[in-house]
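Right, one structure below, let's go through it.
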Amino acid sequence: MTLDLSADEVLTTTRSVRKRLDFDRPVDRSTVLECIEIALQAPTGSNSQGWQWMVIEDDAKKRAISALYKKNFDVYTSQPGREYPDGDTRAERRDLVRSSADYLSENFHRSPFLVIPLIEGRLDEGLNSFAQASAWGSILPAVWSFMLALRARGLGSAWTTLHLPDEQEAAEILGIPFDRYTQAGLFPVAYTKGTDFKLAERLPAAELTHWDTFGNH
């Protein structure tokens with residue numbers, strides 16, 4: 001069953017969901033597969049479709065992958081955060097975002113499913129910007145489509161990357177051919193507690209848009 005939302009509503013209310021993930025409500029495999037089917041309609045460079053989708057349901061493997069995330073999360077959050085100008089909404093919401101991130105790091109393993117999208121090839125350091133952009137441009141639209149499809153069905157997720165410092169160890173846990181595939185992120189998947197997500201506070205588009213010359217608003 002899908003929510004009665006317009007395309008614009010789905011696009012503007014798909015949030016990174018952490019504290020409102022319902023870890024106790026089961027999710028059918030068929031629902032996850034349906035969302036992946038939708039994701040596979042996303043554009044991909046040269047119609048390469050060089051993607052695979054690693055879905056983790058096994059409790060032991062979820063705990064192992066979540067432990068990698070938690071280890072790197074603790075290191076990341078011990079470092080100084082980005083500074084924002086006075087009055088910037090990002091600074092005002094920093095504590096709320098940190099609180100929700102802390103909650104997810106402690107409960108990641110409770111997600112009914114964890115999903116890791118894979119892109120064919122190794123995107124290692126030293127790869128030029130053209131090759132990087134071409135490869136990421138062939139997986140990121142599909143991943144966002146996956147998140148939108150979840151939202152339309154009353155589920156949520158959060159785009160996380162903090163297991164990736166230990167990407168090779170994650171690959172060994174899951175049997176992913178590390179030399180052939182790059183992991184694009186780690187996504188908890190669960191139903192949300194309520195579906196009434198709102199527009200987020202963002203900087204105005206006029207302040208971020210440049211016409212013909214950078215700095216020309």
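Nothing in this text is a laboratory measurement; each read-out follows from the coordinates by a stated rule. The structure displayed is predicted, hence computed values, not measured ones. FYI the Cβ positions are ideal-geometry reconstructions off the backbone, even for glycines, and counts take in every protein chain you see.
For region 101-163, the Stokes-Einstein estimate of translational diffusion at 25 °C and a viscosity of 0.890 mPa s comes to 177 µm²/s, using the Kirkwood hydrodynamic radius over alpha-carbon pairs. Count neighbours as other Cβ atoms within 10 Å of each site's Cβ, and list the trypsin sites (Lys or Arg not before Pro) in region 96-201 that are DSSP loop with at most 11 such neighbours. Here the sparse-neighbourhood loop sites are Lys198.
Amide H contacts of Asp22: Tyr191, Thr192, Lys193, each under 5 Å away and 5 or more positions distant or on a separate chain (H built 1.01 Å from N in the peptide plane; Pro and chain starts excluded). By definition, a body whose alpha carbon gyration tensor gives a ≥ b ≥ c is prolate when a/c is 1.5 or more and a/b is larger than b/c, and region 132-202 fits this prolate description. Taking the Cα centre of the chain as reference, the dipole from Cβ charges on Lys and Arg (+1) and Asp and Glu (-1) amounts to some 460 debye. One chain, two ends: Phe23 and Trp144. Fully extended at 0.36 nm per residue, the span grows by 41.4 nm beyond their Cα-Cα distance.
Taking the charge dipole of region 1-41 about its Cα centre, with +1 at Lys and Arg Cβ atoms and -1 at Asp and Glu Cβ atoms, the residue from Thr2, Ala39, Phe23 reaching farthest to the positive side is Phe23. Rounded, prolate or oblate for the chain? Axes are the square roots of the Cα gyration tensor eigenvalues, ordered a ≥ b ≥ c, and the cut-off for rounded is a/c under 1.5. Judged from the Cα gyration tensor, the chain comes out rounded (a/c under 1.5).
The stretch between Ser78 and Asp4 holds 22.5 nm of extra length on full extension. This uses 0.36 nm per residue minus the Cα-Cα distance.
For Arg15, the shell of other residues with beta-carbons less than 10 Å away shows a net charge of +4, using +1 for Lys and Arg and -1 for Asp and Glu.
Taking the Cα centre of region 18-86 as origin and assigning +1 to Lys and Arg Cβ atoms and -1 to Asp and Glu Cβ atoms, the resulting dipole is close to 240 debye. Only lysine pairs 8 or more places apart or on separate chains count here, and in region 7-208 those with Cα atoms under 17 Å apart total 7.
Take the Cβ atoms of Leu40 and Arg122, set R0 to 22 Å, and the FRET efficiency comes out at 0.50. Report note on the peptides 23-29, 135-141, 184-190, 49-55: ranked by the mean count of other C-beta atoms within 10 Å, highest first, their order is 184-190, 135-141, 49-55, 23-29. The loop-placed chymotrypsin sites (Phe, Trp or Tyr not before Pro) in region 140-217, going by DSSP, that have at most 10 neighbouring Cβ atoms within 10 Å of their Cβ come out as Trp211, Phe214.
Near Ala190, once Lys and Arg are set to +1 and Asp and Glu to -1 for all other residues with Cβ below 10 Å from its Cβ, the sum equals +2.
For the chain, the relative contact order is 37 percent, taking Cα pairs closer than 8 Å that sit 6 or more residues apart in sequence and dividing their mean separation by the residue count. Given +1 at the Cβ of Lys and Arg, -1 at the Cβ of Asp and Glu and no other charges, the dipole of region 121-169 around its Cα centre is 440 debye to the nearest 20.
Identify, among Thr192, Leu162, Phe178, the residue whose Cα sits farthest towards the positive end of the charge dipole of region 160-199, taking +1 on the Cβ of Lys and Arg and -1 on the Cβ of Asp and Glu, with the dipole about the Cα centre. Of the options given, the answer is Thr192.
Estimated at 0.36 nm per residue, the fully extended path between Glu207 and Glu172 surpasses their Cα-Cα distance by 8.1 nm.
Sparse packing (at most 14 other Cβ atoms within 10 Å of the Cβ) combined with a DSSP loop state is found for the following GluC sites (Glu not before Pro) in region 104-169: Glu125. Under 5 Å between amide hydrogens, built in the peptide plane, is the criterion, and for Leu40 it picks out nothing among residues at least 5 positions away or on other chains.
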